[in-house]
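Visitor: Below you'll find the structure I mean.
Read-outs: derived from the displayed coordinates by stated rules, not from any lab. It should be emphasised that the depicted structure is a prediction, and the values quoted were computed from it without experimental measurement. Every residue, glycine as well, gets a Cβ built from its backbone with ideal geometry; the counts of neighbours run over all protein chains shown.
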Amino acid sequence: FQVRCKAPNVCSDDGVNIVVTDYGEGDHTDFILSPRAYGRMARPNCAPELYKYGVVEVEYKRIPCRYAGYNIVFKVKEHSKYPDYLAVVLLYQAGQYDVTAVDIWQVCSFLPPIHTYLVLEL
């Protein structure tokens, strides 16, 4: 997302580009920015004044993700428990669109068939 604060006296027109790593449910969802990202919304030399605001009104828009030098990565989470639970995280998924489906299948024919549920954290 590109996030810009709406305090024109201290905020830049460009805002800051962020990657959302988690999401909230419902109407009261917030962007919780790191101090570094929050300060980058400010005009030059105005970050200390912006920090004094604390919570600010923002406007945002979705922009394509770019990860120069990286390919998409499928990471099996540490809390996966064979054979009952498999959790997978997709990292470095570039572009403007979400991953809406992933197919996985069993390649070893000597294993007994199992039911696999794939949990994607985007």
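Visitor: Can you return the lysines within cross-link range of LYS52? Criterion is Cα-Cα under 26 Å, with same-chain partners fewer than 8 residues away left out.
Guide: Output for LYS52: LYS6, LYS61.
Visitor: Continuing with this model, one more query. Could you compute the net charge surrounding PRO48? Neighbours are other residues with a C-beta less than 15 Å from the C-beta of PRO48; K and R count +1, D and E count -1.
Guide: Every neighbour counted, the sum reads +3.
Visitor: How far, in nm, would the chain grow between ASN45 and GLU59 when pulled straight, counting 0.36 nm per residue and subtracting the alpha carbon separation?
Guide: Going from the current span to full extension adds 2.9 nm.
Visitor: Let me ask something else about it. Given R₀ = 35 Å, what would the calculated FRET efficiency be for ASP103 paired with ASP14, taking r from the Cβ atoms and rounding to 0.05?
Guide: FRET efficiency, ASP103 to ASP14: 0.35.
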